[in-house]
Every structure is written in structure tokens, then in C-alpha cells.
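To keep things clear, I will list the structure first and then write my remarks on it.
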Amino acid sequence: MVNRRNFLKALGAMALGGILGNVYKGAGRALAEAEVSAPPLPWPYVELDVEYVRKMGHLGYYAFECAGGAFWGIIESLREKIGYPYTLLPIPTREEVEAALEEGKHLHSMMQYGAGGALGWASLCGALNGSAAAIQMVSENWKKIGDMLFRWYETALFPSDKSNEYASRHEFFVKKYKSDKVLPQSVSHSILCHVSVSNWCEVSGYASGSPERSERCARLTGDVAAKAVELLNADLKGELELLGTFTFSQTTASCRTCHFKGTNYEMGQFTRGKMQCETCHTDMRPHAHNIVRLELPGSSSSNPGKTVAGGAALTGIIGAIAGVWSYMKSKGSKKPG
Ligand code: HEC
Ligand code: HEC
């Protein structure tokens with residue numbers, strides 16, 4: 001599609017690059033080159049309306065599920081406002097999406113593989129996956145913003161009150177709802193689709209294959225895309241810190257004093273991750289032995305290597321946990337990777 005608007009934008013992009021009049025001889029050739037070559041990342045970002053993106057994310061879910069929906073909701077909103085270079089992406093317009101939904105026609109877009117925690121494997125929540133991909137396209141600070149988004153997700157109530165409201169008042173962009181009920185809410189304490197969906201099903205009593213669960217994830221997709229844009233808007237103004245500083249869960253911070261991506265195997269650096277450890281690891285008994293061996297402050301080092309057993313086990317566990325905690329308090333929680 002070659003039109004005057006794109007042409008002027010193309011010229012603008014080249015002028016910025018300082019190559020205008022140097023490499024390109026004719027305007028026609030310049031246009032052709034600029035239209036087919038994608039500029040390096042990050043691509044331009046302008047402030048977006050958080051509520052508009054919440055609705056676009058919800059609509060996107062209906063066409064492309066969670067990952068495709070979140071990515072499309074953010075990126076298509078940018079394309080509507082900025083045009084090039086987003087015009088280079090093979091994603092449908094809002095009109096095309098609405099028409100396809102009406103006709104029950106299947107559409108392709110980007111990031112659809114991420115649905116259901118990637119191909120239904122229920123690993124990383126697709127709404128996070130798609131949003132993080134969009135964030136990485138538009139900001140140098142994508143790691144920081146991504147961390148804030150992921151941690152927020154662990155603690156957020158889904159679907160949000162706003163999304164429940166939009167659905168019950170039919171204020172989202174879809175014409176026909178999977179469900180327009182005010183849906184029960186849950187906190188997942190996890191970025192995993194598996195945990196997020198399973199917890200919600202348990203709280204709500206709806207099966208994972210129900211239209212209500214699907215609608216819950218559509219609203220969640222809107223909520224996550226909206227939060228991503230709230231963070232990106234703040235980032236654009238250099239005001240990310242106003243939205244709070246990133247902190248791990250208390251337990252994760254304590255575990256990460258030893259367990260993080262590092263080179264000291266003996267110390268516990270044979271794992272990595274930033275998730276809430278306590279979601280899965282609740283039995284800390286093995287540490288009873290290890291804390292003694294490590295001779296940490298707050299633990300008994302009189303019997304190095306001695307394994308706690310029998311009646312002493314409980315005391316040992318409590319001692320070990322106390323040891324871990326006091327050790328953690330004596331250290332900071334800042335660790336790389
Ligand atoms: C003081 C350092 C330290 C802290 C803090 C710590 N760990 Fe460990 N942890 C270790 C070390 C060292 C090992 C390896 C022990 C071994 O296998 O000899 C280990 C082993 C483990 C294992 C494997 C245990 C097994 O079954 O063999 C798990 C799981 C684990 N830690 C989880 C956690 C979690 C979750 C936390 C936070 C609640 C935590 N750790 C806090 C040092 C620590
Ligand atoms: C979603 C669930 C989940 C979360 C959250 C989680 N883990 Fe794990 N972790 C596992 C599983 C499953 C294994 C593999 C256990 C096995 O195969 O015995 C594992 C393995 C480990 C091991 C190695 C265990 C061994 O046998 O040597 C360590 C250490 C560990 N995790 C620490 C952590 C820490 C620290 C955190 C938080 C930063 C964390 N885990 C978060 C599920 C989880």
C-alpha cells in the first residue's frame with residue numbers, strides 16, 4: 001500500500017537516519033526502499049489509551065487467543081496511531097478482526113503459538129508472552145518493564161473489576177460474548193497458565209473447557225495488555241518508578257540469596273528463576289542437612305554434616321528455616337539473572 005501519508009512518514013524516517021539525499025537518488029526509489037526495510041528495534045512508541053488497549057486485548061483474544069490477542073491489542077493500537085513501520089507487520093486490522101468474528105472466519109496473526117501457555121502446554125501465560133513480545137519491540141527498558149509486569153501478574157486479581165464491568169455492560173468491542181457474567185476472581189501467585197487457570201477453575205467451579213473460563217482469559221488478556229501499556233506509558237515519560245519498584249516475593253528473595261543463575265554450584269546456583277518459589281516448594285526439609293553443612297549464622301554448626309532424624313527432625317527443620325531467614329536478612333536480595 002503506497003499512499004501519500006506513508007510516503008511522508010517514510011521520508012521522515014530517512015531524514016532521522018541522516019541518509020536522505022545521500023544514498024537515495026529519486027523519491028520513488030527512496031519510497032520503495034523505506035517501505036520494504038524495517039527500521040531497527042525498538043520501534044516508536046506513543047502514549048496509548050489504557051482502556052482502549054484493554055478492549056483491544058479482549059477483542060484480540062476472541063480472534064487469536066491470549067498470546068496473539070495481547071500482542072495484537074498493543075501493536076495494532078500503535079499501528080492505528082503511528083502507521084509505518086507497524087504497517088510492515090502481517091497482522092489484521094481491527095475492522096478485519098471484527099468482520100472475521102462476525103463471519104466465523106479464521107485469521108492468522110503473530111504470537112498465536114503462545115496460546116494456553118504455548119500450544120496448550122500451560123507454561124508461561126500467553127497474555128504475558130504476547131505482551132512481553134510487544135514491550136520488547138518498543139522499549140529499551142523491556143527487561144525492567146517485563147519484570148514489573150510479571151510480578152504484578154503473580155499478585156493481581158483476574159479478571160479485573162474493570163473487565164468484569166465492561167463485559168456485564170457490553171462495553172467491550174465484541175458483539176457476541178462467550179459469557180457476559182461478572183466472573184469470580186482469583187490471584188494465581190504464578191505466571192504459569194497451568195497454575196493461573198487451575199486456581200481459577202477451583203475458585204469459580206467452572207471447567208477449563210467452559211465458555212466462562214475462556215471469557216475469563218479474554219478479560220485477563222485485556223487486563224495484562226492494559227497493564228503493559230500503563231507501564232510503557234510511564235516508561236515513555238521516564239516515570240516508571242512512580243508505578244512502584246520491582247520486588248520479589250519475600251520467600252523468593254530469601255531463596256535467591258543462594259539459588260540464582262550463578263557459577264557457585266555448591267552454594268545452590270544449579271537453578272535459576274524469579275517465580276514465587278513458595279507456590280511449588282513447600283517442603284524445605286533437605287535444607288535442614290545443608291544449613292548445618294554450610295555453617296550459616298543462626299544455625300547449629302556443632303555437628304557438621306549430621307543429618308537430622310527422628311524426634312529431632314522437627315526442631316531441625318525449624319532451625320534450618322530460621323537459619324535460612326537470618327542468613328537472608330544479613331544479605332541483600334539483589335542478585336543478577
Ligand atoms: C543459604 C543458602 C540457601 C538458601 C537461602 C536456600 N537454599 Fe535451597 N539449597 C541450598 C543448597 C546449597 C542446596 C544443595 C543441597 C544439596 O543438594 O547438597 C539446596 C537445595 C535445594 C533444593 C533441592 C533439595 C533436594 O531435594 O535435594 C531445593 C528444592 C531448594 N534448595 C529450594 C529452596 C527454596 C525454595 C528456598 C527458599 C525458601 C531455598 N532453597 C533457600 C542452599 C540454599
Ligand atoms: C511452578 C513450580 C515451581 C516453582 C515456582 C519453583 N520451582 Fe523449583 N523446581 C520445581 C520442579 C518441578 C523442580 C524439579 C524437581 C525434581 O525434578 O525433583 C524444581 C527444582 C528446583 C531445584 C533443584 C532441586 C534438586 O533436586 O536439586 C531447586 C534448587 C529449586 N527448584 C529452587 C527453586 C527456587 C529457589 C524457586 C524460586 C525462585 C523455585 N524453585 C521455584 C518447581 C518449581
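The values are calculated or read from the model by the stated rules, or taken from the named source; none is laboratory data. On a predicted model such as this, the values are computed, not experimentally measured, just so you know. Here the Cβ positions follow ideal geometry from the backbone for every residue, glycine too, while neighbour counts run over all protein chains shown.
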Considering the range 103-121 alone, what residues qualify as being hydrophobic (A, V, I, L, M, F, W, C) and surrounded by fewer than 18 Cβ atoms within 10 Å (Cβ to Cβ)? LEU107, ALA118, LEU119, TRP121
Only residues that are among the charged types (D, E, K, R), under 25 Å from VAL50 (Cβ atoms) and outside any loop (DSSP other than H, G, I, E, B): list them for the range 163-211, please. GLU165
Criterion violated by PRO85 - all others in (1) touching a residue at least 60 places away in the same chain (Cβ under 8 Å); (2) farther than 15 Å from PRO39 by Cβ satisfied: (2)
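Pick from ALA134, ALA63, ALA118: which is within 14 Å of the chain's Cα centre (by Cα) and assigned to a helix (DSSP H, G or I)?
Details: ALA63 fails: within 14 Å of the chain's Cα centre (by Cα); ALA118 fails: assigned to a helix (DSSP H, G or I).
Unique residue meeting the criteria: ALA134.
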Within the range 242-261, restricting attention to residues that are within 20 Å of the chain's Cα centre (by Cα), in a loop (DSSP other than H, G, I, E, B) and within 13 Å of ligand 2 (Cβ to nearest atom), which residue is surrounded by the fewest Cβ atoms within 10 Å (Cβ to Cβ)? SER249
Within the bounds of the range 97-105, is there any residue that is in a loop (DSSP other than H, G, I, E, B) and assigned by TED's automatic domain parsing to the domain that holds SER214? yes
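Whether any residue in the range 261-275 is in contact (Cβ under 8 Å) with a residue 40 or more places away in the chain and β-branched (Val, Ile, Thr) is what I want to check.
The first filter runs over the range 261-275 and keeps only residues in contact (Cβ under 8 Å) with a residue 40 or more places away in the chain, leaving 261-262, 272, 274-275.
With the extra rule that they be β-branched (Val, Ile, Thr), the set shrinks to none.
No, the range 261-275 contains no residue that is in contact (Cβ under 8 Å) with a residue 40 or more places away in the chain and β-branched (Val, Ile, Thr).
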Quick one: ILE135 ticks every box in (1) farther than 21 Å from TRP152 by Cα; (2) crowded, with 24+ Cβ neighbours inside 10 Å; (3) in contact with a Phe, Trp or Tyr (Cβ under 7 Å, 6 or more places away or on another chain) bar one, so which box is it? (1)
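Condition first: modelled with pLDDT of 95 or more and surrounded by 12 or more Cβ atoms within 10 Å (Cβ to Cβ). Can you find one or more residues in the range 9-27 that meet it? Talk me through it step by step, then tell me what you get.
Narrowing the range 9-27 to residues modelled with pLDDT of 95 or more: none.
No, there is no match, as no residue in the range 9-27 is modelled with pLDDT of 95 or more and surrounded by 12 or more Cβ atoms within 10 Å (Cβ to Cβ).
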